[in-house]
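**Student:** Let me begin by handing over the structure; questions about it come next.
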């Protein structure tokens, strides 16, 4: 073994260095692309009190009231930063909207709302797929918050287009194009083997 290493020492070192370079390049690429993607969106996370059908139905009703309020009180918001500022200045109003709807439905659950960076799973909205990782978002926790989640994207405004499927429309795609490079956008919207491989690299390094 020692003789073998001495004989092939330099080729082995070169192979190890090459692999290390590839690994570092993959990390750098993954971090850069994911940073561009996460910096362009603000996400929504609603957690039900429990997994009972009643609590799951209530979660969707609270979601609808929150989205209706936001849709009626946001005008001329053209960036993620503007949306975060809006959410921060309206957090008490959003909490009141949620708790009012809960009382109207005959429940007494309290609501906790947080704005911060949270872990999100891989989610697909129409032809756009966002990789798993940490994103800025608005988290709404109902009661014990031990039930299933509802996820969407508040900026670009997917949630206001279709509450059920959150599909991207042309205006949302336009916002993404303004904030992402062509390659970044292709990674989350294309389906070629090469793009799939790059997407998997980004996901792997962000887990």
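**Student:** Condition check: out of contact with any strand residue (DSSP E or B) (no Cβ under 7 Å at 6 or more places or on another chain) and in a strand (DSSP E or B). Does residue 124 satisfy that?
**Tutor:** yes
**Student:** Looking only at segment 108-121, which residues are in contact (Cβ under 8 Å) with a residue 40 or more places away in the chain and either in contact with a helix residue (DSSP H, G or I) (Cβ under 6 Å, 6 or more places away or on another chain) or assigned to a helix (DSSP H, G or I) (or both)?
**Tutor:** 109, 111
**Student:** Within segment 82-96, identify whether any single residue is buried (at least 17 other Cβ atoms within 10 Å of the Cβ), in a loop (DSSP other than H, G, I, E, B) and either touching a helix residue (DSSP H, G or I) at 6+ places or on another chain (Cβ under 6 Å) or in contact (Cβ under 8 Å) with a residue 12 or more places away in the chain (or both), and answer yes or no.
**Tutor:** yes
**Student:** Could I ask something else about it? Would you check if there is a residue in segment 22-41 being touching a strand residue (DSSP E or B) at 6+ places or on another chain (Cβ under 7 Å), more than 23 Å from residue 173 (Cα to Cα), at pLDDT 65 or above and in a helix (DSSP H, G or I)?
**Tutor:** The answer is no; no qualifying residue exists.
**Student:** In addition: Considering only residues of segment 104-121 that are surrounded by fewer than 13 Cβ atoms within 10 Å (Cβ to Cβ) and under 10 Å from the mean Cα position of the chain (by Cα), which is modelled with the lowest pLDDT?
**Tutor:** 121
The values are calculated or read from the model by the stated rules, or taken from the named source; none is laboratory data. Keep in mind the model is a prediction, meaning the values are calculated, not measured. Every residue, glycine as well, gets a Cβ built from its backbone with ideal geometry; the counts of neighbours run over all protein chains shown.
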